[in-house]
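Engineer: Please find one structure pasted underneath; my questions will follow.
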Amino acid sequence: MNKVRFGHSVIPYLFLLPQILIVAVFFYLPAGEAVRSSFYLEDPFGFGSTFVGLDNYRDVLSNAEYRRVAIFTVWFTVLVAFFALAIALVLAVKADAVLRGAKSYRTLLMWVYAIAPPVAGLLGIMLFDQHVGPIVKMASWFGWNLRVGVNYHDTAFAMIVTAVWLQIAVNFIFFLSGLQSIPRSVREAARIDCRSGFRRFWTVTFPLLTPTAFFLVVINITYALFDTFGLIDLMTKNEPGNNPVTLVYKVFLDGFRGNDLGGSSAQSVILMAVVFVLTIVQFRFIERRVHYS
Amino acid sequence: MAQVHIERVSKIYSGTQRAVNDISIDIPDGEFVVLVGPSGCGKSTLLRMVAGLESITEGKVSIGDRVVNGVDPAERDIAMVFQNYALYPHMKVYDNMAYGLRNRGMPKAEIDRRVREAAKTLELEHLLERRPRELSGGQRQRVAMGRAIVRSPKVFLFDEPLSNLDAKLRGQMRVEIRNLQKRFGVTSIYVTHDQVEAMTLADTLVVMNNGVAEQIGSPLDVYERPASAFVAGFIGAPAMNLIEAVVEGDGRALAVGASRLAPFSHSPALEPGRPVTLGIRPEHLRRAHANEKADMDLVVSAAEILGADTLAHGRIAPGGTGAAPLIVRLPGNVRLETGARLPLVLEPGAAHLFDGETGRRIDLAEAAVAPQQAAMARA
């Protein structure tokens, strides 16, 4: 039998070209540029640059401020991803169980997703507004003087709550469709096999939901790390001095506010490496325990 | 093991729609009951009400001496085999079978003993460490059976368990299910739309249509004395010929289209003009011998050669579009020409009469069911 051969034609490469071009222009080139400039000390006024080797990295990693931001970023990412996933899962399980009026209930829960993220972010910030924010008011009932933008921990709290709130709708949609793709008969078999709904959830429903959950963990970590940039920018009101920021925001601050292009490049290279390692870890270790049926 | 009582059970959706309408079935201990009917007849709904997967709108279901209407499915002491097996895809075969037992807090050693015993019975021993997706359809079906057996429940419920298998495997599993049920003696309710499965498996057959039990009886009883035209048409393959007719003359003859037929010479006279349905099974007609007077003639339009049998399709003479269609089962060696006229004789006592409006059986005295030989007159 003859194998189909394309020979050394250029056609396959032509087909690949658009994709490669896009990746090259929007990822490889900027990434390469970041790696290059992380070895240079850029003149703040644009008058040339000096090669400094690994100095930028040394500076970044020995900087106490950087370490503080890194620790906050880890907490922020873990908390946002955890609560956004957990709350969405609870809502999805409840929505899935609703028989009457299921459609309107689901639509209500998905609405948040239909709002443009900056608008939703702004709404979240309004909720924490010092003067008119209902959450600030509610906090005051419990004697908590919530001062977003002024108190470090209060800002962190508001940031996490808003970030979680924004992400719940997306997670909800995925969890709900994941739940609905579990065959009805499998769940019914479980109902006959197991009395406790709680136990049934953890032994049958959740394991069958793991492909969705795994995907969402990756998405949520990426979200918390990168996509919360605008939110942080709005929350810190351009006064990041005493406020919590994440690593991505710090890259922006040091690079564009501090004009330290070399240091900020070194930071983004470090961040890139972290994400790279994280992705490998996720796929290597978590995916192994995921049940793709 | 236990008897099951279904007492005047109904399922009403959205206030008015009766999916199951006032059904009562008494199932003695160890009996195999088959619910059969076309799709949408309510058979699955009824089974699911027994399982507890569907709430009971009206009536009472009891298993053993206990009314189970409000009892959780897991507490009813039932096991169910689903159409698509419903195995847990993330569990190994062993765990699939052990899952229900673990949730009941059974000791590990006992679980192990039961699972291994069931695996041995079902020849699954070498598959215990596999996951469902690595199994063939027949093997999955066995695992589903195993999951039901290890529970040693009071009742087995089967929801079309064989319809996802190919024909050969279906036949094999049918025999196997029957043997297992006999061996364990567990009361079973089995839902199917396949009448061959229904006939071969059932101790008692429940033929359902539109949410109603049209007839409850032994398979032979249902075959020989169908209670309605629906049952007559549903049970038996090929289906019974159901011929629209009108009572004529002195009430002992039937008009079928342009022909006149008098199969019930001694029957109590029916009022002339009453519409009825005459039912004749294809296997109860035979070709008339050379000197025999035929009951009716068939104008052949097609022949299906099955090997053992030949099915002759056509219309009752004089033929044409107005005449009633008829199927006759003939021996396999009969060769038929399209358009040929086939003289037929009806076996004595083999014709059925149903009311033209209600479809219910019109019972004729035993002696009265002999067809009058040579009673066919042509208009």
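The values are calculated or read from the model by the stated rules, or taken from the named source; none is laboratory data. Owing to the predicted nature of the structure, the values given are computational and were not obtained by experimental measurement. All Cβ positions, even for glycine, are placed from backbone atoms using ideal geometry, and neighbour counts span all protein chains on display.
Engineer: Residues being aromatic (Phe, Trp, Tyr) and within 20 Å of A:Val161 (Cβ to Cβ): count how many of those fall in the stretch A:226-262.
Structural biologist: Residues in the stretch A:226-262 being aromatic (Phe, Trp, Tyr) and within 20 Å of A:Val161 (Cβ to Cβ): 3 in total.
Engineer: Test B:Leu47 against the criterion of being within 14 Å of chain A (Cβ to nearest Cβ), farther than 17 Å from B:Val212 by Cα and surrounded by 17 or more Cβ atoms within 10 Å (Cβ to Cβ), and give yes or no.
Structural biologist: When the stated conditions are applied, B:Leu47 does not pass them.
Engineer: Could you grab me the full set of residues in the stretch A:133-154 that are on the phi < 0 side of the Ramachandran plot and part of a loop (DSSP other than H, G, I, E, B)? Write out each step before concluding.
Structural biologist: Just the residues of the stretch A:133-154 that are on the phi < 0 side of the Ramachandran plot, to begin with: A:133-142, A:144-148, A:150-154.
Answer for the stretch A:133-154, where residues must be on the phi < 0 side of the Ramachandran plot and part of a loop (DSSP other than H, G, I, E, B): A:Gly133, A:Phe142, A:Trp144, A:Asn145, A:Leu146, A:Arg147, A:Val148, A:Val150, A:Asn151.
Engineer: I'd like to verify a number: residues in the stretch A:6-54 that are in contact with a Phe, Trp or Tyr (Cβ under 9 Å, 6 or more places away or on another chain) and assigned to a strand (DSSP E or B), how many?
Structural biologist: Final tally of qualifying residues: 5.
Engineer: Out of (1) under 23 Å from the mean Cα position of the chain (by Cα); (2) farther than 18 Å from A:Val90 by Cβ; (3) among the polar types (S, T, N, Q), what's the single condition that is false for A:Ser185?
Structural biologist: With (1) under 23 Å from the mean Cα position of the chain (by Cα); (2) farther than 18 Å from A:Val90 by Cβ; (3) among the polar types (S, T, N, Q) applied to A:Ser185, the lone miss is (1).
Engineer: Sticking with this one: Quickly run through the stretch A:79-108 and pick out the residues that are in a helix (DSSP H, G or I) and free of Cβ contacts under 8 Å to residues at least 60 places away in the same chain.
Structural biologist: Answer for the stretch A:79-108, where residues must be in a helix (DSSP H, G or I) and free of Cβ contacts under 8 Å to residues at least 60 places away in the same chain: A:Phe82, A:Ala86, A:Val90, A:Lys94, A:Ala97, A:Ala102, A:Lys103, A:Ser104, A:Tyr105, A:Thr107, A:Leu108.
Engineer: Also, quick follow-up: Within the stretch A:193-215, take every residue that is within 9 Å of chain B (Cβ to nearest Cβ) and in a helix (DSSP H, G or I) and give me the one that is surrounded by the fewest Cβ atoms within 10 Å (Cβ to Cβ).
Structural biologist: That would be A:Arg199.
Engineer: Within the stretch B:64-120, work out how many residues are among the basic types (Lys, Arg), buried (at least 19 other Cβ atoms within 10 Å of the Cβ) and within 11 Å of chain A (Cβ to nearest Cβ). Lay out the reasoning, then the answer.
Structural biologist: Step one: list which residues in the stretch B:64-120 are among the basic types (Lys, Arg), which gives B:66, B:76, B:92, B:102, B:104, B:108, B:113-114, B:116, B:120.
Imposing the further condition that a residue be buried (at least 19 other Cβ atoms within 10 Å of the Cβ) reduces the set to B:76, B:114.
Okay, now just the ones that are also within 11 Å of chain A (Cβ to nearest Cβ), so B:76.
Count: 1.
Engineer: Something else about it: Looking only at the stretch A:261-284, decide whether some residue is in contact with a Ser or Thr (Cβ under 8 Å, 6 or more places away or on another chain), at pLDDT below 85, away from every other protein chain (no Cβ under 14 Å) and crowded, with 21+ Cβ neighbours inside 10 Å.
Structural biologist: yes
Engineer: Restricting attention to the stretch A:146-192, and to residues there that are β-branched (Val, Ile, Thr) and within 14 Å of another protein chain (Cβ to nearest Cβ), which single residue is surrounded by the most Cβ atoms within 10 Å (Cβ to Cβ)? Break it down into steps so the answer makes sense when it comes.
Structural biologist: Residues of the stretch A:146-192 that are β-branched (Val, Ile, Thr), as a first pass: A:148, A:150, A:155, A:160-162, A:164, A:168, A:170, A:173, A:182, A:186, A:192.
The next check asks that each one be within 14 Å of another protein chain (Cβ to nearest Cβ); those that pass are A:182, A:186, A:192.
Numbers: A:Ile182: 19, A:Val186: 21, A:Ile192: 26.
Among residues in the stretch A:146-192 that are β-branched (Val, Ile, Thr) and within 14 Å of another protein chain (Cβ to nearest Cβ), the one surrounded by the most Cβ atoms within 10 Å (Cβ to Cβ) is A:Ile192.
Engineer: Sort through B:Thr204, B:Thr187 and tell me the only one that's β-branched (Val, Ile, Thr) and either buried (at least 24 other Cβ atoms within 10 Å of the Cβ) or in contact with a Pro (Cβ under 8 Å, 6 or more places away or on another chain) (or both).
Structural biologist: So the residue among B:Thr204, B:Thr187 that is β-branched (Val, Ile, Thr) and either buried (at least 24 other Cβ atoms within 10 Å of the Cβ) or in contact with a Pro (Cβ under 8 Å, 6 or more places away or on another chain) (or both) is B:Thr187.
Engineer: Same structure again: Here are B:Ser163, B:Ser136: which of them is out of contact with any Phe, Trp or Tyr (no Cβ under 9 Å at 6 or more places or on another chain), without any contact (Cβ under 8 Å) to a residue 24 or more places away in the chain and small (Gly, Ala, Ser)?
Structural biologist: B:Ser136
Engineer: Scan the stretch A:30-64 residue by residue and report those that are in contact with a Ser or Thr (Cβ under 6 Å, 6 or more places away or on another chain) and among the hydrophobic types (A, V, I, L, M, F, W, C).
Structural biologist: Residues satisfying the conditions are A:Ala34, A:Leu41.
Engineer: Here is a further query. Which condition from (1) within 15 Å of the chain's Cα centre (by Cα); (2) part of a helix (DSSP H, G or I) is the one that B:Ala144 breaks?
Structural biologist: (1)
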